[in-house]
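Peer 1: Structure in structure tokens, see below.
Nothing in this text is a laboratory measurement; each read-out follows from the coordinates by a stated rule. Values in this document were obtained by computation on a predicted structure and should not be read as measured data. All Cβ positions, even for glycine, are placed from backbone atoms using ideal geometry, and neighbour counts span all protein chains on display.
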Amino acid sequence: MLNKLSQITTFIFDVDGVLTDGSVFVTEAGDQCRTFNTKDGYALQLAVKCGYNVCVITGGKSEGVRHRLNSLGVTDVYLGAHTKIDLFKAYISDKAIDSAAILYMGDDIPDIDIMKQVALPTCPADAAEEVKAVAKYISPALGGRGCVRDVIEKVLKIQGKWMSTNAMSI
């Protein structure tokens, strides 16, 4: 797996169950709220600052998710993805990204098609068993509890960017 880490230029993540723990709090007014981990957020903004492509593809439609990710510098945010693989193919085509340079993290059945297309399919510790069977790396961290930080940190460390000037200036 170390060889694959050294080749990664692009991170693509699901939201519910990866960037969040999968819980959705619904207010009396019908608003849906999610909780994000600040350590995951630190790693996401560092990856952007270090020049990695960072993309999020989710079936969810919450503009609050877009707002949170945009505040971290993540601009490639695709909400309401009914068929994630189609958005994935369009994204890598538009950006001219080789699938051999992509780490994808997903946690459930809709993520499997993309996981089969990338160099490094990953998942959180609490992912569905079918997803774990496809993953080449299973983070010891749970969804929404540092799994995103875990994979970004591993890539940046192996590439010598974790404690770089960019990391120290955030």
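Peer 1: In whole Hz and in residue order, list the ³J(HN,Hα) couplings for the stretch 63-72 that follow from phi through the Karplus curve 6.51 cos²θ - 1.76 cosθ + 1.60, θ = phi - 60°; x for Gly and Pro.
Peer 2: The phi angles translate into 5, x, 5, 4, 4, 4, 5, 4, 5, 8 Hz.
Peer 1: Out of residues 5 or more away from residue 21 or on other chains, whose amide H comes under 5 Å of its own, with H placed 1.01 Å from N in the peptide plane?
Peer 2: 35
Peer 1: Want the number for residue 99 to residue 159: 0.36 nm per residue separation, take away the alpha-carbon distance, what's left?
Peer 2: Details: separation 60, 0.36 × 60 = 21.60 nm, distance 1.82 nm.
Length difference between fully extended and current span is 19.8 nm.
Peer 1: What is the Rg over Rh value, at two decimals, for the chain, using alpha-carbon atoms and the Kirkwood definition of Rh?
Peer 2: On the Cα set of the chain, Rg over Rh gives 0.94.
Peer 1: Could you give the length gained by full extension between residue 26 and residue 129, i.e. 0.36 nm per residue of separation minus their alpha carbon distance, to one decimal place? Intermediate values should be presented prior to the final figure.
Peer 2: Details: separation 103, 0.36 × 103 = 37.08 nm, distance 2.75 nm.
Between residue 26 and residue 129, full extension yields 34.3 nm more.
Peer 1: Calculate how many DSSP beta bridges within the stretch 2-163 are antiparallel, expressed in % of all such bridges and rounded to the nearest 5. Each step should come with its number before you reach the end.
Peer 2: Numbers: 2 of 18 bridges.
Roughly 10 percent of the DSSP beta bridges within the stretch 2-163 come out antiparallel.
Peer 1: What is the Å³ per residue value for the convex hull set by the Cα atoms of the stretch 1-93?
Peer 2: On the way: hull volume 10.5 nm³, N = 93.
So the per-residue Cα hull volume is 113 Å³.
Peer 1: Beyond a 22 Å Cα-Cα separation, which of these cross-linked pairs lie in this structure: 84/161; 4/95; 84/157; 132/157; 39/157; 39/154? Mind showing how you got there, number by number?
Peer 2: Values: 84/161 30 Å; 4/95 20 Å; 84/157 29 Å; 132/157 24 Å; 39/157 16 Å; 39/154 14 Å.
Violating the 22 Å limit, Cα to Cα: 84/161; 84/157; 132/157.
Peer 1: Using unit Cβ charges (K, R positive; D, E negative) and no other charged atoms, how large, in debye to the nearest 20, is the dipole of the chain about its Cα centre? Walk me through the numbers before you get to the answer.
Peer 2: Numbers: 18 positive and 20 negative charges, 148 e Å.
I would put it at about 720 debye.
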